Structure formats: C-alpha cells, structure tokens
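Visitor: Here it is: the structure, laid out below.
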Amino acid sequence: MIPDARRALLLLGGSRQQVVAIEVARKCGYRTVLCDYLEDNPGRHYADSFHLVSTVDREAVLEVARREEVEGVIAYSSDPASPTAAYVAERLGMLTNPLAAVEIMSTKSLFRRHLHEVGLPCPLAASFEAGASAAEVECLVEGFRWPLVVKPTDSSGSKGVSVVTEPTQMPAALEHAGANSRNGILIAEEYIERAFPNVVGGDIFVVDGMIRFWGLMRCLRDSKASLVPVGKAIPSGLSEGQLSKVKETLQLLVSSLGIRFGELNVEVIIGDGDVPYVLELGSRAGGNMIPVQLGDASGIDLVRANVMCAMGDDPGGISWDPEDVYFATHVLHTLKDGTYEGYELSAAAEVACYREVVYQEAGAPVHHFDGANKALGILFFEFEKQESFEDYIANTSNHVRVMVDSSTDGRK
C-alpha cells in the first residue's frame, strides 16, 4: 500500500449536518479522520477513515489523533465535542482556542458566571444538581423575577429547555431538563423580556482576536414551538443603535475569553433599554446549516475557512457585514406525530427557494418538533426585494406547508 502523504484532519462527529465539513476537507486536499459514537453515522461514508469512538471521550480521541498523526482537529457544529477538540489540540501542540475558554462557552453555568465577572449583562441565574427538588430550586431562586427558564447547562438545540411561569410547573421542568443533561448540572435563570421581537442569532468569525465576519440574523420561531428555532433570516432587523451595542458586547466577550480565531455561534436577546444579553456564545459553527446560509449571502466559504483554520492554514480574507441582501432558511418540521408526505410552497416561496436539503423521504415516520434533532430538512430562500422578504417572515406558515398523515402516530 502506498503511504497517504496528505495532511490529516480529525473531525469529531459525522451527523448529516457535519458531512459538509468532511466533504470540504477532502476538497481542500486533507486526509479526513472521523470519530463518532454511532456506527451508522452518515459521515463515515465520506471520511477516509473512521473510528467508533465517543467524541466526548477525550483520552480515546487523543489516542486516535496520535495514531493517525493528525495535524488539526475540528468539532464542526458540535457543542459537546468542542472541549474535546480543544483538549486534543492543546495536548498535541496544534492551533486551538484556549481549552478553558471553550469549556466556559460549552457550559451555561460557567458562561453566566463569566459574564458576571467581566461586567457584561446577564440574567440572574442559579445552577444546581439535576437531583434537586422543586422546593430546593425555589429557595435558590428566591428574589428572582418570574418567569424562569430552566435548562441543562450542557445541551444544545433547545433540548431540555422550559419556561416556568409558576411554581407548580417546576417539577416537570426539572425532569425535562434532567433528562437532557449529560453533566447532571441544571440552571434556572430569569426570563428576559424582549424589546426587539426576535432573538438575534447566527455566526461570527474571529481573526486574530477581532470579529471580522458579522453574520447576525433574526431567529425565526414557530408560535407553537417557540423555544426551538425554525429558521434564520438576514438582515437582522436591528436598528443601527441596537446593532452597535450588540457588536460592542460581542467583541468585549470574545476579547475577555481570549478567543483568537474561528467561527462562533451566537444568541442574543435585546432587553429593556436596548441592553444586549448574550445567551449563548458557542465555540463552534451554528447548526441548521448556518455557515452554508451565510456563505451564500456573503460569498465567503465559512466551512472551508473553519477547516483551514483548524489545520493552521490561512483561509484568506474573512470580512463581511451584510448590506442589501435578503436570505432566509426554513427548518421543515411538524407539530404532530405521523407519516411524512412531503411539503408544499406558495408561488412566491417557490420562486425564492434556491436549495432544499431534505432528511426524510415520503412515507417516513416523523415526530413532534421539540428540538433540532427532529428537523425534517432545511429550505434556503433568497429574495430580490425587502417587501417579499418581510412578507415571508411575517407569514411563513402561508408560504411553507409540511404534510403529515397523523393517523399513523409516527409508527411504521
């Protein structure tokens, strides 16, 4: 066998949304080494080599990295694996952001503490073990303003999150959060009333410690599944003053953490007085194909930039602030169990839709959308005029209809 002289990149996670990173890495000329705890993950069919290893098992992943002689490691679009990637990179002297910073960004209780310590806006919050009783938690949050948000400190994709408006709802919220927690630590925090109607999400890209790419977008949500994003839209809709405050806050946060490079996923709420509250600063690219959407809008291949940065290579010019572009995505989903029968678009949406990525075929069992893992696919839209863009956002349910036969209850 002829030795493979290509430089090797270790990728942590081979889910359907992570396949794009494997494909891009191969196009860049790198040998791709994949770790995933699922034997039937889609990514193994694209990677040059596959290891059945959990991406949160740091020592096992480190052993794979040594054996495969990789020169870079990336946890593309994965919160749980991001600390592992930083750990392995630090141990092997590869380019990485500080492990301590990645761990802070990956654990909500540590992140809230960091915000408080550096003087940035944050809601009152209390963390506790998953086994705590409702009465114990109510003592911890004495003096907090209700409603409260209860969630795991280490989950992503809105898994395990509940808004609690009264004490009687606390036991169910704790059970839901605990069932979605890996580290056994939960958090309860004040619910932030929004002065701007949408949560601001999207991705930013840092180069030499400075944010150069501003992919800030509106988070679109279904009124009947309001905690789970069902799409993103550019532009964000923020006023110049609001946008300036958000940018200043995010740069202060990035600097305080010592982040040097890479794509970060953000979630910001604009509270009273236009105060920006950073709910999330994820140490990885956003899910639901956010980097692809932003790449379409900006003309900059963010997936390639992530891969090249992980290998210590120069990704080229990464600088963008959206202007006069109107893009949106829609996460195909259903609010009932049943059998998927496809989807329909309005005439206007049909014209604007330029890409579809569908995960389920007609006839497949589907389930109530309560987390990003229940997505049926993603549609991409580009609008020529702001008026049609705003109409789509305001009336998405009139433009996209998912068809489900609920008589089967999702059973095959």
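Visitor: Evaluate region 111-122: report whether one residue or more is without any contact (Cβ under 8 Å) to a residue 40 or more places away in the chain, buried (at least 16 other Cβ atoms within 10 Å of the Cβ) and within 20 Å of the chain's Cα centre (by Cα).
Guide: There is no residue in region 111-122 that is without any contact (Cβ under 8 Å) to a residue 40 or more places away in the chain, buried (at least 16 other Cβ atoms within 10 Å of the Cβ) and within 20 Å of the chain's Cα centre (by Cα).
Visitor: I want to confirm something. Restricting to region 237-264 and keeping residues that are surrounded by 17 or more Cβ atoms within 10 Å (Cβ to Cβ) and in contact with a helix residue (DSSP H, G or I) (Cβ under 7 Å, 6 or more places away or on another chain), which single residue is nearest to Ser397 (Cα to Cα)?
Guide: Leu238
Visitor: May I pose another question? Condition (residue is in a helix (DSSP H, G or I), touching a residue at least 60 places away in the same chain (Cβ under 8 Å) and either over 18 Å from Val331 (Cβ atoms) or of a type in the set (Phe, Trp, Tyr) (or both)) applied to region 389-400: is it met by at least one residue?
Guide: Scanning region 389-400, I find at least one residue that is in a helix (DSSP H, G or I), touching a residue at least 60 places away in the same chain (Cβ under 8 Å) and either over 18 Å from Val331 (Cβ atoms) or of a type in the set (Phe, Trp, Tyr) (or both), so the answer is yes.
Visitor: Taking the criterion of being hydroxyl-bearing (Ser, Thr, Tyr), at pLDDT 95 or above and surrounded by 15 or more Cβ atoms within 10 Å (Cβ to Cβ), would at least one residue in region 134-155 satisfy it?
Guide: No, every residue in region 134-155 fails to be hydroxyl-bearing (Ser, Thr, Tyr), at pLDDT 95 or above and surrounded by 15 or more Cβ atoms within 10 Å (Cβ to Cβ).
Visitor: Ok, one more. Any residue at all in region 321-329 that is of a type outside the set (Lys, Arg), buried (at least 16 other Cβ atoms within 10 Å of the Cβ) and without any contact (Cβ under 8 Å) to a residue 24 or more places away in the chain?
Guide: No, region 321-329 has no match at all.
Visitor: Take Asp208 and tell me if it is charged (D, E, K, R), surrounded by fewer than 22 Cβ atoms within 10 Å (Cβ to Cβ) and touching a His at 6+ places or on another chain (Cβ under 9 Å).
Guide: In short, no.
Visitor: Only one of Val200, Val118, Val149 is of a type in the set (Val, Ile, Thr), under 25 Å from Leu238 (Cβ atoms) and touching a helix residue (DSSP H, G or I) at 6+ places or on another chain (Cβ under 6 Å); which?
Guide: Step by step, each of Val200, Val118, Val149 is checked, and only Val118 is of a type in the set (Val, Ile, Thr), under 25 Å from Leu238 (Cβ atoms) and touching a helix residue (DSSP H, G or I) at 6+ places or on another chain (Cβ under 6 Å).
Visitor: Would you say Glu90 is within 28 Å of Glu63 (Cα to Cα) and not assigned by TED's automatic domain parsing to the domain that holds Glu267?
Guide: yes
Visitor: OK, next. Output the residues belonging to region 160-179 that are surrounded by fewer than 20 Cβ atoms within 10 Å (Cβ to Cβ) and more than 20 Å from Tyr277 (Cβ to Cβ).
Guide: Glu166, Pro167, Thr168, Gln169, Pro171, Ala172, Glu175, His176, Gly178, Ala179
Yes or no, residue by residue, for (1) small (Gly, Ala, Ser); (2) in the same structural domain as Lys232 (by TED's automatic domain parsing); (3) crowded, with 19+ Cβ neighbours inside 10 Å; (4) more than 21 Å from Gly160 (Cα to Cα):
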position: Leu335; (1), (2), (3), (4): no, yes, no, no
position: Thr339; (1), (2), (3), (4): no, yes, yes, yes
position: Ser346; (1), (2), (3), (4): yes, yes, no, yes
position: Val358; (1), (2), (3), (4): no, yes, no, yes
position: Glu361; (1), (2), (3), (4): no, yes, no, yes
position: Ala364; (1), (2), (3), (4): yes, yes, no, yes
position: Glu382; (1), (2), (3), (4): no, yes, no, yes
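The values are calculated or read from the model by the stated rules, or taken from the named source; none is laboratory data. Keep in mind that what you see is a predicted model, and the values were worked out from it rather than measured. Heads up, the Cβs are rebuilt from the backbone with ideal geometry, glycines too, and the neighbour counts pull from every protein chain shown.
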